[in-house]
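Below: one structure, written as structure tokens.
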Amino acid sequence: MEIQIKDIPHSGKDYTFEVPPDSIDLPKGVASLNSSVKTEVHCTRRETDVYIVGNSRASFWTECSRCLENTALNLRVKLEGYFQQISTEKMALSEEVGEEDVGYYYYNNNQIDLLPMIAEILVLDLPTYPLCDLNCQGICPECGRNKNRDTCSCGNPQEHQGNPFKSFFQNED
Ligand SMILES: [Zn+2]
Ligand SMILES: [Zn+2]
């Protein structure tokens, strides 16, 4: 996923990339890619300073945080970064200095590899509590049945008590 700096005209250039799922390492147990990663970016440059904006799309396998079933998750992330060329020696010492959504990155050897940036942003944008469905009913805490598929008669009257602050607000007026 390399971009040669000299290939970017000063008017800017669009690039599209598609890399297979195994080209990105995700933390084990979090999620796994089940599709290629598709990326579209627009690059502009001023001498060796390059600004890149675009998006990446990928599909993951992950575990629903309520019912623990395997579920497919489609993710689209925004990419935005400024890239500055530095020497190889400095490159070895450098760390990315991030600021809000826009990243500041370094490159050397007259080319930018977008893969590390994309891998990092995909991991950061994975939801902490993925859901198979917004209305996932989860697992019954008593019998362990998946309540999306099975009904059980455990019953849990406390579950429907409603807003715990209700009486608090009622007392106010
Ligand atoms: Zn679920
Ligand atoms: Zn139950």
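Every number in this text was worked out from the coordinates using simple rules, so none of it is lab data. This one's a predicted model, so the numbers in the text were calculated from it and none came from an experiment. A quick note on method: Cβ atoms are made from the backbone with ideal geometry, for glycine too, and the neighbour counts reach across all protein chains shown.
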Pop a pseudo-label 7 angstrom from the Cα along the beta-carbon direction at both residue 133 and residue 47 and give the gap in nm to one decimal.
-> 5.8
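As a footprinting exposure proxy, order 1, 117 by other Cβ within 10 Å, with the fewest listed first.
Numbers: 1 17, 117 22.
Ascending number of Cβ neighbours within 10 Å: 1, 117.
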Arranged by the count of other C-beta atoms within 10 angstrom, fewest first, what order do 104, 129 take?
-> 129, 104
Run the dipole for region 2-134 about the Cα centre, Lys and Arg Cβ at +1, Asp and Glu Cβ at -1, nothing else charged, and hand back the magnitude in debye, nearest 20.
-> 240
What residues have an amide H closer than 5 Å to that of residue 131, excluding those fewer than 5 places away on the same chain, when H is modeled at 1.01 Å from N in the peptide plane?
-> 65
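By count of other Cβ within 10 Å, fewest leading, how are 57, 149 ordered? Don't skip to the end; give the middle numbers.
Details: 57 16, 149 9.
Least crowded to most crowded, the residues run 149, 57.
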Which length gain, in nm to one decimal place, applies between residue 68 and residue 18 when the Cα-Cα distance is subtracted from 0.36 nm times their residue separation?
-> 15.0 nm
